[in-house]
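Note sheet for the following structure.
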Amino acid sequence: MMTDNFGTSLASSLHASNVTTAVTGAAAVIRYSFYLFGAIVFGLIGLGTLTAWNARVVHIDVPPAFHLASPHLARLPVTGEVIGSGPFGRAEIRHYGHLYNRDVDLTIALIMPRKMTPLLRELGQQVRDIRPMRNARAMFGSTYFDIETRFGSVRATDLRVDSDGQWKQCLAFLSRFDTLSVYFTGWYCDASGAKPSAERLACMLDRLTLDKDLASKEAEAFLRERIARPGSCSATPVSQTTDTRARSRVSPPQNWSIPNANRR
């Protein structure tokens, strides 16, 4: 009888020990799982905060380091800004005249992207990222130009902007230089009712002059080497057989000549 009781007690003790071990192990798994989950959550929060910080646009309180020494722009008011942002790097922007009036205007952004950042070659997106075109009612056309300057090749396309109740005819442009350190983008509009000249745009871009050192040594070396070359500017219209850009809410061509103020 005593042997049976001893065996029963031993079995009960072993069972209780196994249960305790199992409970302790489960608690440890739950505890460490909670720690791991918390670490992942805080890591994602930190990553999101860092991404948002890097993506924010910072206005830098210095004037642009360049200007366009073109007689055609000399009479226009000139403004400028320098901004920095994680995704694209540094942009120095000059505005000659104003988009929302009926006179000539030109905006050029000299962009120095971050190293190892792929260049965005989509002209429309590049131009729409620049104020005030960001909020403008504008439509890109299907006429393209190959522009040549002392700095290298530039692609331009026609653009219409609703300005003061009239369609203002413009050319948007994006450079295709033989470097990853710097590129140009922007637009040039002639006075209302006039068609902008691609060759004139080429010659204005060719007159870019540096006023001081750039933030990027690679970009500065490239531009100064090209500035030392003789002036050279030309433009040739090119055909585009297929328009690969996605369009949305584009008004029919018969409405393009109707001023916005008169449209019902």
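The values are calculated or read from the model by the stated rules, or taken from the named source; none is laboratory data. Keep in mind that what you see is a predicted model, and the values were worked out from it rather than measured. Please note: Cβ atoms are built from the backbone with ideal geometry, for glycine as well, and neighbour counts cover all protein chains shown.
Taking first residues from region 134-148 that are under 17 Å from GLN169 (Cα atoms) and in contact (Cβ under 8 Å) with a residue 40 or more places away in the chain and partners that are assigned to a strand (DSSP E or B) and hydrophobic (A, V, I, L, M, F, W, C), the Cβ contacts under 6 Å between residues at least 6 apart in sequence or on separate chains come to PHE140/LEU159; TYR144/VAL238; PHE145/ALA156; PHE145/ALA235.
Output yes when any residue across region 176-186 is charged (D, E, K, R), buried (at least 16 other Cβ atoms within 10 Å of the Cβ) and modelled with pLDDT of 85 or more, and no when none is. No, region 176-186 contains no residue that is charged (D, E, K, R), buried (at least 16 other Cβ atoms within 10 Å of the Cβ) and modelled with pLDDT of 85 or more. Close Cβ contacts (under 7 Å, 6 or more residues apart or on different chains) running from residues in region 222-240 that are in a loop (DSSP other than H, G, I, E, B) to residues that are of a type in the set (A, V, I, L, M) comprise CYS233/ALA202.
Within region 77-105, the residues that satisfy the criterion of being in contact with an Asp or Glu (Cβ under 7 Å, 6 or more places away or on another chain) and over 23 Å from GLU220 (Cβ atoms) are GLY97, HIS98, LEU99, TYR100, ASN101, ARG102, VAL104.
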